[in-house]
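Note sheet for the following structure.
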Amino acid sequence: MNEILFIVSILFNFIGIIISYKIFRKTGLFVWVAISTIIANIEATKCIDMFGISVTLGNVIYSTIFLATDILSEMYGGKEARRAVKIGFFSMLVFTVLTQIDLLFIPNSQDLVNDSMHIIFGFMPRFCFASILTYIISNTLDTYLYDIIKNKLPQDKFLWVRNNCSTMISQLIDSILFTFIAFVGIYSWKVVINLTIVTYTVKLIVAILDTPFIYIAKKIERKF
């Protein structure tokens with residue numbers, strides 16, 4: 001069941017980006033980045049088994065941020081891609097602060113969700129610190145790598161090279177930093193290392209699968 005949902009999630013996210021871009025242009029990508037940073041942090045608190053391995057949720061939607069910034073880099077340049085990274089950073093920061101303030105409120109006798117909020121958002125400061133740090137490093141790195149590769153190779157060719165290479169390298173850095181900061185002390189070193197490998201593998205699969213969608217975005221751009 002989880003495997004089917006994984007495929008559905010990938011398709012939904014990629015199609016969602018394309019629809020958002022087609023309707024709202026670069027504004028749609030900015031919005032997608034902001035939404036994805038928030039959802040990814042919530043989903044990352046849940047662990048599942050998939051294809052016989054344990055993995056945290058959030059990897060798919062978080063990986064789509066790299067697709068969004070790659071589309072921005074390709075269509076509007078690295079400056080706009082880095083603007084999206086800053087928007088995501090701000091969204092994540094505001095979300096973290098507001099959820100921690102929410103936890104300080106004393107619930108009344110009719111409340112049904114306070115305990116659940118504490119379970120989910122109680123993890124958030126550490127997760128969000130890990131996310132904020134790795135997000136700003138890996139996504140900024142991705143935009144610069146994309147620009148470098150784009151300037152080194154013919155811009156009318158090798159779109160798949162700059163899309164995949166920039167994402168794969170930056171996602172590796174992201175996976176290592178996030179799992180170590182977020183999970184060291186919570187899980188054993190063996191589990192942390194396994195999570196790093198598995199997390200990167202999932203992100204690698206998503207990175208490869210997103211290639212056709214950046215070509216679709218390129219085709220949409222040419223129509224305008």
Mind checking whether some residue in region 72-92 is under 11 Å from the mean Cα position of the chain (by Cα) and farther than 19 Å from residue 166 by Cα? no
I'd like to check something: does region 126-138 contain any residue that is open to solvent by 60 Å² or more (accessible area, probe 1.4 Å), more than 21 Å from residue 177 (Cα to Cα) and either touching a residue at least 24 places away in the same chain (Cβ under 8 Å) or more than 20 Å from the chain's Cα centre (by Cα) (or both)? no
Condition test on residue 86, is it more than 19 Å from residue 141 (Cα to Cα), among the basic types (Lys, Arg) and open to solvent by 20 Å² or more (accessible area, probe 1.4 Å)? no
With the first residue restricted to region 68-95 and required to be among the charged types (D, E, K, R), and the second required to be open to solvent by 30 Å² or more (accessible area, probe 1.4 Å), Cβ contacts under 8 Å at 6 or more apart or on different chains are 74/218; 80/26; 82/140
For region 20-67, how many residues meet the condition of being open to solvent by 30 Å² or more (accessible area, probe 1.4 Å) and part of a helix (DSSP H, G or I)? 12
Quick one: would you say residue 177 is out of contact with any Lys or Arg (no Cβ under 6 Å at 6 or more places or on another chain), at pLDDT 85 or above and surrounded by 15 or more Cβ atoms within 10 Å (Cβ to Cβ)? yes
How about region 146-174: which of its residues are open to solvent by less than 80 Å² (accessible area, probe 1.4 Å) and among the β-branched types (Val, Ile, Thr)? 149, 161, 167, 173
Is it the case that region 113-121 has a residue that's of a type outside the set (Val, Ile, Thr) and crowded, with 20+ Cβ neighbours inside 10 Å? yes
Could you tell me which residue of region 89-112 is least open to solvent (accessible area, probe 1.4 Å), considering only residues that are closer than 27 Å to residue 140 by Cα and aromatic (Phe, Trp, Tyr)? 95
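Taking residue 68, is it under 20 Å from residue 137 (Cβ atoms), at pLDDT 90 or above and touching a Leu at 6+ places or on another chain (Cβ under 7 Å)? Write out each step before concluding.
Working: under 20 Å from residue 137 (Cβ atoms): yes; at pLDDT 90 or above: yes; touching a Leu at 6+ places or on another chain (Cβ under 7 Å): yes.
For residue 68, the condition - under 20 Å from residue 137 (Cβ atoms), at pLDDT 90 or above and touching a Leu at 6+ places or on another chain (Cβ under 7 Å) - is met.
The values are calculated or read from the model by the stated rules, or taken from the named source; none is laboratory data. All of these numbers come straight from a predicted model, not from anything done at the bench. No Cβ is skipped: glycine too gets one built from the backbone with ideal geometry, and neighbour counts run over all protein chains shown. Remember, those area values only see protein heavy atoms, side chains included, never the ligands or the DNA or RNA. Shrake-Rupley method; radii C 1.70, N 1.55, O 1.52, S 1.80 Å.
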